[in-house]
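Take a look at the structure below.
The values are calculated or read from the model by the stated rules, or taken from the named source; none is laboratory data. All values reported here derive from a predicted model rather than from experimental measurement. In case anyone asks, the SASA skips ligands and DNA or RNA and just uses the protein heavy atoms, side chains included. Shrake-Rupley method; radii C 1.70, N 1.55, O 1.52, S 1.80 Å.
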Amino acid sequence: MATRTDAPTRREQILKEAARLFAERGFHGVGVDEIGAAVGISGPGLYRHFAGKDAMLAELLVGISGQLLTGARRRVAEADGGPAGRNPEAVLDSLIEGHIDFALDDRPLITLHDRELDRLRDTDRKLVRQLQRQYVELWVEIVREVYPDLTEPSARSAVHSVFGLLNSTPHLGRPGSLPGRGATAELLHRMARGAFAAAGSE
């Protein structure tokens, strides 16, 4: 979601505002009319795009899980296709950069996942979990290439710990209270690499 540079579609506008409102006030604290007002259409007009709030929530959480996995696979594939072959250090840096982009630009989705995942239908929740497991295992593979002495369980724990660090961005305060985006991204990157290095030195 954060990497798009073209104008968002009306459907994407609705999802963005729904994510913001759900994160701010909770899923049950937001009505369809309020989401419609945020994008300049009537509440009933939303039903031309979504069956209801549940469908919006499912598309937000399933969608971002799929986008993270697709983006990570693309970064690994680009590294594999380079003239010098794969550089695990560079791939890990690229994965961290991609997750930081998400953590800084899509903070409402982190809040939504933490608060509202259990509201999804079983099939959607299982799909989110499946996509997330694949995302984690891709990271584990790269982390173990960088730190070959790290056991698989330890690498997996390190990956989850780094996700917890990076996904703390909704709790860092209001945007104006933080350093600039670039400085915050650099700080998060250094902290992530430091956490992996600490795990790899065990």
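Taking all protein chains together and a 1.4 Å probe, the residues ILE142, ILE41 rank ILE41, ILE142 from largest to smallest accessible area. The apolar share of the surface of the range 1-113, taken as the fraction of accessible area on carbon and sulfur atoms (1.4 Å probe, ligands and nucleic acids excluded), comes to 52 percent. Taking Cα extents along the principal axes in Å as calculated from this structure, the corresponding entry among [x] 50, 37, 34; [y] 57, 39, 33; [z] 69, 34, 30 is [y].
Could you order ASP93, ASP114 by accessible surface area, starting with the largest, using a probe radius of 1.4 Å? Mind dumping the intermediate values first?
Working: ASP93 45, ASP114 110 Å².
Largest accessible area first, the residues go ASP114, ASP93.
Label the range 116-202 by shape, choosing from rounded, prolate and oblate, from the square roots a ≥ b ≥ c of the eigenvalues of the Cα gyration tensor; if a/c is under 1.5 it is rounded, and otherwise prolate applies when a/b is larger than b/c, oblate when it is not. The shape class here is oblate.
The residues of the chain expose, per residue, 53 Å² of accessible area to a 1.4 Å probe. Taking all protein chains together, ASP149, ASP101 sort by accessible area into ASP149, ASP101, largest first [probe 1.4 Å].
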